[in-house]
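A.B. asks: Mind looking over this structure? Questions follow.
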Amino acid sequence: MSEDAFSEQPISSRVVTGLAKISLALKTQAWKEAGQQGLTPTQGQILTLLAQKGDRRLGEIAEALGITPATASDAVKVLVAKGLVVKNRGPGDARAVSLSLTPEGRSEAQRTALWPDFLLAAVESLEPEEQQVFLRGLVKMIAALQEKGYIAPVRMCVTCTFFRPNVHPGTARPHHCAFVDAAFGDGDLQLECADHQPAPLEQARRAL
Ligand code: SF4
């Protein structure tokens with residue numbers, strides 16, 4: 001590689017290359033784990049979600065995983081056919097179907113939930129400050145993707161009505177959550193908060 005080549009390739013394209021490599025590792029690992037049971041990664045993610053969050057309706061599963069209801073429906077059909085998930089119909093309302101794990105589904109979920117651990121170890125190899133910068137960058141990227149409609153809404157601080165960014169300048173915890181009335185720093189930014197209330201996306205653009 002010539003010396004000029006260092007400045008020719010923008011850092012943004014190398015970041016994209018890096019993300020693509022991590023994405024490939026995620027897919028490969030997910031296939032390796034889920035594929036042993038003949039499950040797709042999406043089916044594995046549904047099992048994990050039901051194990052972690054309890055019974056869910058189809059629409060809630062699609063929203064949580066950022067997939068279309070049709071994709072979620074196809075995956076659930078297979079899981080039901082394999083005896084890993086059951087449908088529970090609400091009394092008097094056939095549409096109020098919630099999905100829950102069978103005992104076999106629960107043990108399968110415990111296995112498939114382990115696969116992201118290899119990535120967790122890689123993230124933990126970063127220094128705490130590097131993890132904070134990385135998290136902040138990820139949040140900004142997710143907000144940009146959400147704004148363009150490439151990603152399903154994420155219940156994160158920067159798109160939350162309770163988020164007060166940089167109201168404590170010059171401190172280690174510059175942001176504030178009006179829901180719990182507490183200051184917090186970049187390292188505490190949430191990506192899956194149960195108390196999230198959506199705010200206009202312009203807020204996310206201004207927030208960080
Ligand atoms: S309620 Fe949750 S998502 Fe909203 S600002 Fe507070 S911690 Fe963040």
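A.B. asks: Within the set of pairs 6+ apart or on separate chains, which have a first residue in the stretch 181-208 that is within 20 Å of residue 146 (Cα to Cα), a second that is of a type in the set (Ser, Thr, Tyr) and open to solvent by 50 Å² or more (accessible area, probe 1.4 Å), and C-beta atoms under 7 Å apart?
C.D. replies: Qualifying pairs under 7 Å: 197/161; 199/161.
A.B. asks: Just checking, which of 113, 182, 199 is touching a Ser or Thr at 6+ places or on another chain (Cβ under 6 Å), open to solvent by less than 60 Å² (accessible area, probe 1.4 Å) and near the ligand (Cβ under 10 Å from one of its atoms)?
C.D. replies: Among 113, 182, 199, only 199 is touching a Ser or Thr at 6+ places or on another chain (Cβ under 6 Å), open to solvent by less than 60 Å² (accessible area, probe 1.4 Å) and near the ligand (Cβ under 10 Å from one of its atoms).
A.B. asks: Under 8 Å between Cβ atoms, at least 6 apart or on separate chains: pull out the pairs that start in the stretch 12-30 with a residue that is over 17 Å from residue 123 (Cβ atoms) and end on any residue that is at pLDDT 85 or above and in a helix (DSSP H, G or I).
C.D. replies: none
A.B. asks: Please find, within the stretch 144-166, the residue that is farthest from residue 207 (Cα to Cα) out of those that are free of Cβ contacts under 8 Å to residues at least 24 places away in the same chain and outside any loop (DSSP other than H, G, I, E, B).
C.D. replies: Out of the qualifying residues, it is 145.
Matching residues to (1) within 16 Å of the ligand (Cβ to nearest atom); (2) in a helix (DSSP H, G or I); (3) open to solvent by 40 Å² or more (accessible area, probe 1.4 Å); (4) of a type in the set (A, V, I, L, M):
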residue: 119; (1), (2), (3), (4): no, yes, yes, yes
residue: 133; (1), (2), (3), (4): no, yes, yes, yes
residue: 168; (1), (2), (3), (4): yes, no, yes, no
residue: 171; (1), (2), (3), (4): no, no, yes, no
residue: 194; (1), (2), (3), (4): yes, no, yes, yes
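A.B. asks: State yes or no: is residue 164 in contact with a Cys (Cβ under 9 Å, 6 or more places away or on another chain) and open to solvent by 90 Å² or more (accessible area, probe 1.4 Å)?
C.D. replies: Working: in contact with a Cys (Cβ under 9 Å, 6 or more places away or on another chain): yes; open to solvent by 90 Å² or more (accessible area, probe 1.4 Å): yes.
Yes, satisfied.
A.B. asks: Scan the stretch 50-63 and report the pairs whose first residue is outside any loop (DSSP other than H, G, I, E, B) and whose second residue is surrounded by 15 or more Cβ atoms within 10 Å (Cβ to Cβ) and of a type in the set (Asp, Glu), with Cβ atoms within less than 8 Å and a gap of 6+ or a chain change.
C.D. replies: Final answer for the pair search is none.
A.B. asks: Of all residues being among the β-branched types (Val, Ile, Thr) and more than 21 Å from the chain's Cα centre (by Cα) in the stretch 137-196, which is nearest to residue 68 (Cα to Cα)? Just the residue, please.
C.D. replies: Once the filter is applied, the top-ranked residue is 180.
The values are calculated or read from the model by the stated rules, or taken from the named source; none is laboratory data. Just so it is clear, the structure is predicted and the values come from calculations on it, not from any experiment. Every residue, glycine among them, receives a Cβ derived from its backbone with ideal geometry; neighbour counts consider all protein chains shown. These accessible areas exclude ligands, DNA and RNA; they are computed on the full protein's heavy atoms, side chains included. Shrake-Rupley method; radii C 1.70, N 1.55, O 1.52, S 1.80 Å.
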